[in-house]
Amino acid sequence: MEEAAKHVGETACIHGKVLSVSATSSGTQLLHFCEAGRACGFSAVVFSQDLRWVGDVRSLQGKEVDVQGKIHLYKGHPEVTVHDARQLQGEAAKLPAIPKNYDVSKQSKFSPGQRPSSSHKAAKYPHSAAEALTDPSEPE
């Protein structure tokens, strides 16, 4: 893991045991390979918009994985951004899909796969279509 900092800008395969998986407030998942978390030599990052392509990374805790990708620095810390499940090998090769009711942002009113109710649309658009088509300057 400590070697990752020497290979910034290169595409590499990093092997290690995922000791913990944490999430940021925006839904980004962080795979930590040492007890010190981000203070350690390397992390893998999965942004919330990529979770549907990667899978449920929370199940990787305690498993040996290979992470492939370009190593870059974020706030002086080497990491690989995982955009696709094919970047993960080893025990991670068969990740389960993210549950359909899993709301990565936990900030929105609706979870993926749910649509707003008709009452929500009515509140947003209080005027009917007929009212929108009439010109107030024309006599009735």
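Some values worked out for this structure:
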read-out: Condition check for Q89: at pLDDT below 90 and closer than 20 Å to F42 by Cβ; value: yes
read-out: Which listed residue, of G16, G69, is more than 16 Å from L95 (Cα to Cα), modelled with pLDDT of 90 or more and surrounded by 18 or more Cβ atoms within 10 Å (Cβ to Cβ); value: G69
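The values are calculated or read from the model by the stated rules, or taken from the named source; none is laboratory data. Everything quoted here is computed from the prediction, not taken from an experiment. Positions of Cβ are generated from backbone atoms using ideal geometry, with glycine treated the same way; all protein chains shown enter the neighbour counts.
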